Amino acid sequence: MSESTNQTEGTAGPPAGVKTGGPGDRIFSGLATAAGVTILALLAGVAIFLLIEAWPAITAAPEDIPGGDGLISYIAPLAFGTVLAALIAVVFAVPMAVAVALFISHFAPKGLADTLSYLVDLLAAIPSLVYGLWGIAVFGPAVVPLTDWLADNLGFIPFFEGPASTTGRTMLVAGVVLAVMILPIISAVAREVFTQTPRGLQESALALGATRWEMIRMVVLPFGRSAVIAGSMLGLGRALGETMAVTIILSVSGGVTFNLISPSNPSTIAANIALDFPESSGLDVNVLIASGLVLFAITLVVNMIARAVIERGTVDE
């Protein structure tokens, strides 16, 4: 009876020797709470600052806004370019990131897997300025023959309508460079979850006659679906706010177009702010801050969706 009572008490309470409610616990709890409140306060402070500084532009007459057509007409093409570049990046980055994560977690020998993990993560440490220089000096000119071929053979598709840029400074190149930049984020999230797939489920699928690919398709990918989606959303949020790489690469002409290979490209919000802010004053600064407020809202929504997907996947598991 005594042994049974002790086991029941052991499962109901904390492990033997662990103290609760001491000064250390209270200090840690207070510091953790303060950190959480500080983050929320900083986020609210940024939002309030953007709203206050953007208010003169929001309430200004349309003819006072650059372009003379109002604030919405000014920001809409920039928001379009921002979302378009980010979506191109996600389309290219997600399949590659998932493939890299699967190779590292299920195909590569341990030594090679560790090396590849380090190298892929190292991509995230490269400055965006370097990516931009690589895009404009190396990658852009290298894809000019491809864009010429796309314009000649697939010009009936709006994305490749042409005429193709002779310099490679196109939305397609900017999107691919962004894809390389966000690949480490998506790959890292997916890789960590793929490696946590229950070994028993994988061995059971193989024991039932499934090939390695069938096991991955039926067990690993469903198990890591939420991680892939969440990583993609986090990468999308990163691509939305990228500044220097897009600023260096794009040949901006304004407007809204789905043509990805022409020399006429819509700008992005971040790139437009980087280019125009040093020479702006008065209401023009408020207009740029208003566009920053829109970018803040877009990025915040994307990251909130990513967080919701992560929490949902955690609950399901």
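The values are calculated or read from the model by the stated rules, or taken from the named source; none is laboratory data. Computed from a predicted model, the values in this text were never measured in an experiment. Note: ideal-geometry Cβ built from the backbone for every residue, glycine included; neighbour counts use all protein chains shown.
Here is a yes/no grid of residues against (1) out of contact with any Phe, Trp or Tyr (no Cβ under 6 Å at 6 or more places or on another chain); (2) without any contact (Cβ under 8 Å) to a residue 24 or more places away in the chain; (3) of a type in the set (G, A, S); (4) more than 30 Å from V144 (Cβ to Cβ):
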| residue | (1), (2), (3), (4) |
| --- | --- |
| T170 | yes, no, no, no |
| A179 | no, no, yes, no |
| A190 | yes, no, yes, yes |
| F194 | yes, no, no, yes |
| R199 | yes, yes, no, yes |
| A205 | yes, yes, yes, yes |
| L208 | yes, yes, no, yes |
Q: Please find, among A297, A245, the residue that is at pLDDT 85 or above and within 21 Å of Y131 (Cα to Cα).
A: A245
Q) P95 passes all but one of (1) over 21 Å from F160 (Cα atoms); (2) surrounded by 16 or more Cβ atoms within 10 Å (Cβ to Cβ); (3) of a type outside the set (A, V, I, L, M, F, W, C); (4) modelled with pLDDT of 90 or more; which number fails? A) (2)
**Q.** Criterion violated by T147 - all others in (1) in contact with a Leu (Cβ under 8 Å, 6 or more places away or on another chain); (2) free of Cβ contacts under 8 Å to residues at least 40 places away in the same chain satisfied
**A.** (2)
Q. Can you name the residue in the range 278-291 that is over 23 Å from the mean Cα position of the chain (by Cα) and either over 16 Å from I65 (Cβ atoms) or β-branched (V, I, T) (or both) and is also surrounded by the most Cβ atoms within 10 Å (Cβ to Cβ) among such residues?
A. V287
Q: Being at pLDDT below 90, aliphatic (A, V, I, L, M) and loosely packed, with under 12 Cβ neighbours inside 10 Å narrows it down to one of A61, A41, so name that one.
A: A61
Q: Scan (1) assigned to a helix (DSSP H, G or I); (2) modelled with pLDDT under 90 for the single condition G162 breaks and write down its number.
A: (1)
Q | Matching entry among L172, L150, L178, L183 (being buried (at least 18 other Cβ atoms within 10 Å of the Cβ), modelled with pLDDT of 90 or more, more than 27 Å from the chain's Cα centre (by Cα) and within 27 Å of S232 (Cβ to Cβ)) | A | L150
